[in-house]
Amino acid sequence: MRKVIGIGETVYDIVFKGGQPTAAVPGGSTFNSMISLGRCGIPSGFLSEIGNDKVGSVIREFMAANGVDPGFVNILPGKTPLSLAFLDENNDASYSFYREQDPEREAFVYPEIIPEDVVLFGSFYALNPACRPEVRRFLEYAKSCGAILYYDVNFRPSHVKDLGNIGNAIWENFELADVVRGSHEDFRTLFGIGDAEAVFAEKISGHCGRFICTFGADPLKVQDLNGFHGEYPVSRIETVSTIGAGDSFNAGFIYGLVRNGITREALKSGLPAGVWDSLIACAQSFSACCCQSSFNYITPDFAAGLRA
C-alpha cells in the first residue's frame with residue numbers, strides 16, 4: 001500500500017500568548033505534517049531523533065496514537081529539543097529554540113520504499129551539515145526506489161548565519177525534489193528575491209519543474225515547466241494560531257496526491273489545471289483547519305470527515 005515517509009526534526013512546542021503559556025504539544029515542521037496525514041488514515045512513518053527523556057517518550061506515544069509509525073525514530077542520549085512559540089496580536093508566531101549540542105548521530109533504519117510512495121523533507125534539518133549526509137543518503141535511496149519527493153524549503157531568518165556552511169545542499173534538494181514548496185519570505189531570505197516567477201526562472205526550474213510559492217494571506221502561485229501557471233486566492237478566516245499552517249498545507253497537498261492516485265510520471269508529464277485546482281484546494285482546507293485551532297495539525301474531527 002502506498003505510504004508517506006517524512007524526515008525531519010522533532011521538538012516539543014510550548015506556545016505563549018500574552019506572555020503566558022497556553023499549550024504544549026509535540027512539533028517540528030515535517031512532524032506536524034506527518035501527524036495530519038496519520039490522522040487521515042494515510043500509512044505514515046517518520047525518521048527523526050528524540051532525547052532519552054520523558055518528553056521523548058510522550059512524543060513517541062503521541063505519534064503512535066495518531067497513526068504515525070515511531071519505529072524509525074532514533075533515541076539519543078540527552079534531552080529532546082524545546083521550541084518556545086510566541087503568538088502576536090495577529091496570532092503569528094516567533095520562535096526561540098533550546099537544544100543541547102548536536103549529539104553524535106546514529107544511522108537511520110529506513111522503511112522499505114516502493115514506487116509512488118511520497119517522501120516529505122525540508123526546513124533547516126534538510127540542510128544542516130550535522131545531519132546532511134544521513135538525510136541525503138535517505139533521499140537518494142527514496143528517489144532510486146521511485147518515490148515522489150516533496151521539498152518544503154521553510155528557511156527561517158535565524159539560519160541566515162548558517163548559509164556559508166550548507167554548501168550545495170539547497171541545490172541538491174531542488175534537484176532531488178519532484179515538487180518544491182516555499183513562501184516568498186523563504187526565498188527573500190535565501191536569495192533576496194520575493195517574486196515567485198523570478199525565483200522559479202532563476203533558481204528552481206533548472207532543477208525541479210513544479211513549484212508552489214505561498215504569500216501568507218495573499219494568493220499563492222503554482223508554476224509547472226509543462227506550461228501550467230496558476231494563482232489561487234486564500235480564504236479569509238479567523239485564526240487562533242498560524243503555527244503549523246504551512247505544514248498542514250503540505251499534508252493536504254500530499255493527501256491529495258495519494259487519494260487521487262497521482263503518480264510521479266503524471267507529475268513529470270504535467271497535471272491538468274483541474275487536478276492542480278483540486279490539490280491546492282485540499283492543501284488550503286488542511287491549512288485553514290490548523291489555523292482555526294490551537295494545535296499544529298488538522299483536528300481529529302476534520303480528519304474523521306475525510307475518512308467517512
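The values are calculated or read from the model by the stated rules, or taken from the named source; none is laboratory data. Owing to the predicted nature of the structure, the values given are computational and were not obtained by experimental measurement. Here the Cβ is made from the backbone with ideal geometry for all residues, glycine too, and neighbour counts use every protein chain on show.
Please specify each residue of the stretch 52-83 satisfying the condition of being polar (S, T, N, Q), closer than 29 Å to Pro157 by Cβ and assigned to a loop (DSSP other than H, G, I, E, B).
If the condition is that a residue be polar (S, T, N, Q), closer than 29 Å to Pro157 by Cβ and assigned to a loop (DSSP other than H, G, I, E, B), then Thr80 is the only one that fits.
Quick one: Glu134 ticks every box in (1) within 19 Å of Gly27 (Cα to Cα); (2) in contact (Cβ under 8 Å) with a residue 24 or more places away in the chain; (3) among the acidic types (Asp, Glu) bar one, so which box is it?
Every listed condition holds for Glu134 apart from (1).
Mind checking which residues of the stretch 138-183 are within 15 Å of the chain's Cα centre (by Cα) and of a type in the set (Val, Ile, Thr)?
Going residue by residue through the stretch 138-183, those that are within 15 Å of the chain's Cα centre (by Cα) are 139, 148-156, 173-174, 177-183.
Within the stretch 138-183, Ile148, Val153, Val179, Val180 meet the criteria.
Filter the stretch 187-202 for residues that are under 20 Å from the mean Cα position of the chain (by Cα) and more than 18 Å from Arg156 (Cα to Cα) and give the result.
Matches in the stretch 187-202: Phe200 only.
Collect the residues in the stretch 90-133 that are within 18 Å of the chain's Cα centre (by Cα) and among the small types (Gly, Ala, Ser), keeping them in residue-number order.
Ala93, Ser94, Gly122, Ser123, Ala126
Which one of these does Lys161 not meet: (1) free of Cβ contacts under 8 Å to residues at least 60 places away in the same chain; (2) assigned to a helix (DSSP H, G or I); (3) surrounded by 13 or more Cβ atoms within 10 Å (Cβ to Cβ); (4) of a type outside the set (A, V, I, L, M, F, W, C)?
Evaluating Lys161 over (1) free of Cβ contacts under 8 Å to residues at least 60 places away in the same chain; (2) assigned to a helix (DSSP H, G or I); (3) surrounded by 13 or more Cβ atoms within 10 Å (Cβ to Cβ); (4) of a type outside the set (A, V, I, L, M, F, W, C) leaves (3) as the failure.
Any idea which residue in the stretch 1-29 is surrounded by the fewest Cβ atoms within 10 Å (Cβ to Cβ), counting only those that are farther than 12 Å from Tyr297 by Cβ and polar (S, T, N, Q)?
Gln20
In the stretch 30-51, what residues are under 27 Å from Pro133 (Cβ atoms), in contact with a helix residue (DSSP H, G or I) (Cβ under 6 Å, 6 or more places away or on another chain), of a type in the set (Ser, Thr, Tyr) and assigned to a helix (DSSP H, G or I)?
Of everything in the stretch 30-51, just one residue is under 27 Å from Pro133 (Cβ atoms), in contact with a helix residue (DSSP H, G or I) (Cβ under 6 Å, 6 or more places away or on another chain), of a type in the set (Ser, Thr, Tyr) and assigned to a helix (DSSP H, G or I), namely Ser33.
Only one of these is closer than 17 Å to Ser248 by Cα and surrounded by fewer than 20 Cβ atoms within 10 Å (Cβ to Cβ): Ala266, Ala304. Name it.
The conditions single out Ala304.
For the condition modelled with pLDDT under 95 and either polar (S, T, N, Q) or in contact with a Pro (Cβ under 6 Å, 6 or more places away or on another chain) (or both), what is the one hit in Ser248, Ser241?
Result: Ser241 is the single residue among Ser248, Ser241 that is modelled with pLDDT under 95 and either polar (S, T, N, Q) or in contact with a Pro (Cβ under 6 Å, 6 or more places away or on another chain) (or both).
So, in the stretch 199-243, how many residues would count as being surrounded by fewer than 15 Cβ atoms within 10 Å (Cβ to Cβ), over 23 Å from Leu149 (Cα atoms) and aliphatic (A, V, I, L, M)?
Summing the residues that are surrounded by fewer than 15 Cβ atoms within 10 Å (Cβ to Cβ), over 23 Å from Leu149 (Cα atoms) and aliphatic (A, V, I, L, M) in the stretch 199-243 gives 2.
Working only within the stretch 203-236, note down all residues that are under 23 Å from Ser158 (Cβ atoms) and of a type in the set (S, T, N, Q).
Within the stretch 203-236, just Thr214 meets the criteria.
Looking only at the stretch 270-294, count how many residues are touching a strand residue (DSSP E or B) at 6+ places or on another chain (Cβ under 6 Å) and either buried (at least 21 other Cβ atoms within 10 Å of the Cβ) or not small (Gly, Ala, Ser) (or both).
2
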